[in-house]
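These notes are about the structure you will find just below.
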């Protein structure tokens, strides 16, 4: 196990990112625009008028998980994100499981959202979301290369861009629901609050999808050594991201239930539901703007996930669990440039492979996104267990922390249980086993890495 060397210089640009820039990283990772554009319609199809409740329950669970992560984030910070927190509380093997789960999660999400990027970008120019394989491959490769170049060049430019992109995209979606138009105008819909008419099964199915909307909300922790006053900035960012995103998701689920009306059953097959809704409401001028906003938001998500994955690779390499090549920081850019190249490669390879195999953009989003979700669930479970151990080891019986941890474990256990569904169709049936295989392979790579343990991920124990 690596030895602890507190405040070891990382070579990254320490203390550079403001609280707003750090917020941009977390917001872009969860891509709040992607939820009303692609995920919320699926939750509506599964949960019907109870979709807002599914998102409300998911928000409670995510806020509980955030509280657990912040238990560590208030004490120390590092480029290793949750991996470093778990390493400090539970040791080598749980931290390796967490690190590799996060790598699968971040690169999987980055690859998955290229499907949304391709679909919405193509619909903007061609008027349809059905895109050919060659065009999809070129667009995907271009998006990942551009995101990788930004992450390689300057983290500050990247996070500023991500914050602006998400702010504009969210504003456009709110305009879609709030501007008076034709048909299903936003109003009080009492039928959505008749809870006695809602079945537990559909709510549970929607809850799992709703949790998928939040994954990556903690990625600001990966910027631990680069944020200003990280012991204050990062916990606030994580909590704020969870709460604001939850409120936005609950609202959009409620509004989309009104907007789509009886067409909810057809949403799973709709390539661009937001554009369809804009035309349905007579707000045709918003359709192309929504397509542009969604396209750029998906790109920002790819950029944010590559950024977070690179920091996790960087931390693993600094601790000797990956080749020392990936522990290097660029002399001038002060970014983990070699880790960025690897993260971008791990993003583009599965996306291109699926495109070549004839997989459509929305299937790429669904399949790889589901695989990534398993990684986030794993990491969140382990870090919650690490919080419980830290509380009892330090002799601090904090009632609030215990309650949050229990709530988090209940929500995560429900999501994990639903993941292994023998009744699932197609690839979804064997995706959990593919995930476990990839996770085991990653842990074995780290266990067999012969390199010297360079240093423990640098920690900052003061703000």
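What follows draws every value from the coordinates through simple rules; no lab data is involved. Everything quoted here is computed from the prediction, not taken from an experiment. Here the Cβ is made from the backbone with ideal geometry for all residues, glycine too, and neighbour counts use every protein chain on show.
Some notes on this structure:
- Rounded tilt (10° steps) of 19-30 against the dominant C-alpha axis of the chain: 60 degrees
- Rounded to the nearest 10 degrees, the angle from helix 230-260 to the longest Cα principal axis of the chain is 20 degrees.
- Cα-based helix-to-principal-axis angle, 155-178 vs the chain, degrees rounded to 10: 20 degrees
- Per-residue ellipticity at 222 nm from helix content only, as computed over the chain with -39500 (n - 2.57) for each DSSP H run of at least four residues, stands at -23000 deg cm²/dmol.
- Relative contact order of the chain, pairs being alpha-carbon contacts under 8 Å that are 6 or more residues apart, as %: 38 percent
- Alpha-carbon centroid distance for the pair region 238-257 / region 382-437, whole angstrom: 22 Å
- Listed candidates [x] 21.0, 66; [y] 22.1, 65; [z] 20.8, 58 - label of the one calculated as Rg and Dmax of the Cα atoms in Å: [x]
- Per-residue Cβ neighbour counts within 10 Å put 384, 232, 307 in the sequence 232, 384, 307, beginning with the fewest.
- Protection proxy ranking of 290-301, 164-175, 324-335 - average other beta-carbon atoms within 10 Å, highest first: 290-301, 164-175, 324-335
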